[in-house]
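*Asks:* One structure follows; several queries about it will come next.
The values are calculated or read from the model by the stated rules, or taken from the named source; none is laboratory data. These figures come from a predicted structure and were not determined experimentally. Please note: Cβ atoms are built from the backbone with ideal geometry, for glycine as well, and neighbour counts cover all protein chains shown.
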Amino acid sequence: MTGTKRPTRLGLRANLAQFSLLVAVNALVGGMVGQQQGVLPLLAEREFHLTGYTFLLTYVFVFGVTKAATNYFAGTWSDRFGRKPVLLVGWLIALPVPLMLIWAPSWGWVVAANLLLGINQGLTWSTTVIMKIDIVGPRKRGMAMGFNEAAGYGALAVTAVLAGYLGARYGLRPAPFLLGLSYAALGLGLSTFFVRETREHARLEAGEDARASGHARVESDITNRQVFGRTTVGEPALSSASQAGMVNNLNFGLSWGLFPLLFASAGVSAERIGVLIALYPAVWGTGQLVTGALSDRWGRKHLITSGMLAQAAGLAVLAAVDTFSWWVVAAVLLGAGTAMVYPTLLATIGDVARPSWRGRAVGVYRLWRDSGYAAGALVGGVVADVWGLRPAVWAAAVISVVSGIVVAVRMYETHPRAGSNLIEDTP
C-alpha cells in the first residue's frame with residue numbers, strides 16, 4: 001500500500017462519503033426507468049397505434065431478458081475486472097437510450113432502446129449493489145440494501161410523476177425523455193470522477209472471515225457453474241430468494257405494461273395515471289429505508305414471506321376495484337409488500353455468499369429476479385389477450401401467494417445474528 005493510498009476499512013461510518021455517492025448514482029440508475037414507465041404504454045396506443053397486449057409488452061419482455069442476462073455477466077465481470085469498469089460501461093450504454101425514444105420512427109426503435117436500457121440497468125444497478133455490500137461489511141447489509149433500493153425506486157417514482165406531468169403538458173415526446181438524457185450524463189460523470197473501486201473491501205472481508213473461522217483459508221475458487229447451481233436450486237436460502245425475486249419483478253413488469261392501460265380504461269387521465277404508477281415504487285422505495293434495517297434486527301425470512309403475501313393482497317384489491325381511491329390503496333399495499341422483500345432478498349444473498357464469489361452470486365440472483373420482467377410481460381400479455389386485464393392481475397396474485405409459501409417452507413434464517421450456518425467454500 002502506497003503512502004498516498006487510503007487505507008481500506010469496512011463499515012458504513014468509515015465509508016460514508018463513498019456510500020452516499022453510490023446511493024446518488026443508483027438514484028440516477030432508477031430514474032432511467034422512471035422516464036418511460038407511465039409514458040410508453042400511452043405512446044404505443046396513441047402514436048404507434050398498437051393493438052394487442054402481448055405485442056405492446058414486447059418492450060418490457062426485451063428489457064427483462066437483457067437486464068437479467070446482463071446481471072449475470074455484471075457479477076462475473078465485477079469479480080474478474082473490478083466493480084468500477086463495469087459501472088462505467090453501463091453508463092456509456094445508457095446515453096443513446098433517451099435519444100432513441102425521442103426520435104423513434106417505429107415501435108422497433110422503442111424495443112431496441114429498451115434492449116440497451118436493460119443492459120444499462122444490469123451493469124449499473126448490479127455494481128452499485130455489490131459495491132455497497134463490499135464496503136459496509138456484514139452487520140449492516142440490510143440497511144445498505146434498503147438505502148440502495150430506496151434510492152433507485154424512489155427516483156423511479158419521482159421521475160415517473162415528472163414524466164407524466166411533462167407528457168400531459170408538453171406531449172409524450174420529447175419532454176419526458178430529456179430527464180433520462182440528463183440522468184445518463186450526470187451518472188457517467190459522477191462514476192468516472194468520484195466513484196472508487198471497492199474490490200479491496202471484499203478481499204479485506206475475506207481475510208477477516210478466514211481469521212475468524214480459525215482456518216488458514218476459508219475462501220477457495222469455485223466455478224461459475226457451482227455458483228449458478230447453488231444460487232438457482234442447490235442452496236435453500238439462495239434458491240428461495242431467487243424465485244421470490246423473480247415473482248416480485250413479475251409483478252413489477254405487469255404493473256409497467258398493463259396497469260396504465262387498466263387505469264386508462266376507467267377514464268383516468270394521463271396525469272393521474274402517472275400518480276398511480278409512481279405510488280407503487282414510491283412506497284416501495286421509501287419503505288425500504290425501514291425494512292432493510294429491520295431485517296438486520298429481526299432477520300430475513302419472515303419479512304420476505306410476509307412481503308410476498310402483502311403483494312398478493314395488493315394485486316387482489318387492484319383487480320377487484322375500479323375507482324382511483326381504491327387503486328391508491330392497492331398501490332400502497334403492493335409497494336409495502338415489495339419494500340419488505342426487495343432489500344431483504346439482496347441481504348440474504350450477501351449473508352450466504354462468500355466474498356470470493358459474492359459478485360457472481362448477486363449476478364445469478366439478479367438474473368433470475370429480473371427474468372421476472374419478461375415473465376410478467378409474457379404471462380400478463382397472454383392472459384390479458386385471452387381473458388382481459390383483470391384476470392392477468394388475478395393470475396399474478398395467485399403466483400405471489402405460491403411464492404410466499406415456498407419461502408416459508410424452504411428458506412432458513414440467514415442473518416448472522418440468528419446463528420445460521422453459512423455454507424463453506426468447498427467445491
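*Asks:* Here are PRO138, PRO105: which of them is outside any helix (DSSP H, G or I) and surrounded by 18 or more Cβ atoms within 10 Å (Cβ to Cβ)?
*Replies:* The unique qualifying residue is PRO138.
*Asks:* Looking for something in contact (Cβ under 8 Å) with a residue 60 or more places away in the chain and of a type in the set (D, E, K, R) - is there at least one such residue anywhere in the stretch 152-172?
*Replies:* Taking every residue of the stretch 152-172 in turn, none turns out to be in contact (Cβ under 8 Å) with a residue 60 or more places away in the chain and of a type in the set (D, E, K, R).
*Asks:* Mind listing whichever residues of the stretch 79-94 are farther than 11 Å from LEU117 by Cβ and of a type outside the set (Lys, Arg)?
*Replies:* ASP79, PHE81, GLY82, PRO85, VAL86, LEU87, LEU88, VAL89, TRP91, LEU92
*Asks:* Say whether the condition of being under 23 Å from SER239 (Cβ atoms) and either of a type in the set (Lys, Arg) or free of Cβ contacts under 8 Å to residues at least 12 places away in the same chain (or both) is met by at least one residue in the stretch 342-356.
*Replies:* Yes, the stretch 342-356 contains a residue that is under 23 Å from SER239 (Cβ atoms) and either of a type in the set (Lys, Arg) or free of Cβ contacts under 8 Å to residues at least 12 places away in the same chain (or both).
*Asks:* Looking only at the stretch 177-215, count how many residues are assigned to a helix (DSSP H, G or I) and modelled with pLDDT under 90.
*Replies:* Summing the residues that are assigned to a helix (DSSP H, G or I) and modelled with pLDDT under 90 in the stretch 177-215 gives 15.
*Asks:* Then there is this: Just one of the numbered conditions (1) of a type in the set (Phe, Trp, Tyr); (2) out of contact with any Pro (no Cβ under 9 Å at 6 or more places or on another chain); (3) farther than 17 Å from VAL362 by Cβ is not true of PHE177; which one?
*Replies:* It is condition (2) that PHE177 fails.
*Asks:* Could I ask something else about it? With respect to GLY307, determine if the residue is at pLDDT 85 or above, part of a helix (DSSP H, G or I) and more than 27 Å from ILE119 (Cβ to Cβ).
*Replies:* yes
*Asks:* Looking at ALA312, ALA361, ALA316, ALA270, can you tell me which residue is small (Gly, Ala, Ser) and farther than 30 Å from GLY388 by Cα?
*Replies:* Every option except ALA361 fails the conditions.
*Asks:* Filter the stretch 44-60 down to residues that are assigned to a helix (DSSP H, G or I) and buried (at least 22 other Cβ atoms within 10 Å of the Cβ) and give me whichever is modelled with the lowest pLDDT.
*Replies:* LEU56
*Asks:* Continuing with this model, one more query. Looking only at residues in the stretch 173-183 that are touching a residue at least 24 places away in the same chain (Cβ under 8 Å) and among the hydrophobic types (A, V, I, L, M, F, W, C), which one is nearest to PHE259 (Cα to Cα)?
*Replies:* Of everything passing the filter in the stretch 173-183, PHE177 is nearest to PHE259 (Cα to Cα).
*Asks:* Another question, then. If we scan the stretch 264-279, do we find a residue that is more than 16 Å from GLY337 (Cβ to Cβ), in contact (Cβ under 8 Å) with a residue 60 or more places away in the chain, among the aliphatic types (A, V, I, L, M) and assigned to a loop (DSSP other than H, G, I, E, B)?
*Replies:* no
Listed here are the residues, each with its yes/no results for (1) part of a helix (DSSP H, G or I); (2) in contact with a helix residue (DSSP H, G or I) (Cβ under 6 Å, 6 or more places away or on another chain); (3) within 27 Å of TYR59 (Cα to Cα).
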{"site": "LEU289", "(1), (2), (3)": "yes, yes, no"}
{"site": "ASP296", "(1), (2), (3)": "yes, yes, no"}
{"site": "TRP326", "(1), (2), (3)": "yes, no, no"}
{"site": "ALA330", "(1), (2), (3)": "yes, yes, yes"}
{"site": "TYR342", "(1), (2), (3)": "yes, yes, yes"}
{"site": "ILE349", "(1), (2), (3)": "yes, yes, no"}
{"site": "ALA374", "(1), (2), (3)": "yes, yes, yes"}
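*Asks:* Taking only pairs six or more apart or across chains, which ones have beta-carbon atoms under 6 Å, a first residue in the stretch 67-94 that is under 27 Å from VAL110 (Cα atoms) and of a type in the set (Gly, Ala, Ser), and a second residue that is modelled with pLDDT under 95 and surrounded by fewer than 24 Cβ atoms within 10 Å (Cβ to Cβ)?
*Replies:* Taking only residues 6 or more apart or on different chains, the pairs are ALA68/SER371.
*Asks:* Name the single residue that is modelled with the highest pLDDT among those in the stretch 396-427 being hydroxyl-bearing (Ser, Thr, Tyr) and under 19 Å from GLY142 (Cβ atoms).
*Replies:* TYR412
*Asks:* Out of the residues in the stretch 289-335 that are farther than 25 Å from VAL383 by Cβ and of a type in the set (A, V, I, L, M, F, W, C), which is surrounded by the most Cβ atoms within 10 Å (Cβ to Cβ)?
*Replies:* By that ranking, first place goes to ILE304.
*Asks:* From the list THR127, THR76, THR66, pick out the single residue that is in contact with a Lys or Arg (Cβ under 7 Å, 6 or more places away or on another chain) and surrounded by fewer than 24 Cβ atoms within 10 Å (Cβ to Cβ).
*Replies:* Going through THR127, THR76, THR66 in turn, just one is in contact with a Lys or Arg (Cβ under 7 Å, 6 or more places away or on another chain) and surrounded by fewer than 24 Cβ atoms within 10 Å (Cβ to Cβ): THR76.
Each row is one residue, and each column tells you yes or no for (1) over 18 Å from VAL290 (Cβ atoms); (2) modelled with pLDDT under 95; (3) over 18 Å from the mean Cα position of the chain (by Cα).
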| residue | (1), (2), (3) |
| --- | --- |
| ALA312 | yes, no, yes |
| LEU318 | yes, yes, yes |
| TRP326 | yes, yes, yes |
| ALA330 | yes, yes, yes |
| GLY335 | no, yes, no |
| THR338 | no, yes, no |
| PRO343 | no, yes, no |
| ILE349 | yes, yes, no |
| VAL362 | yes, yes, no |
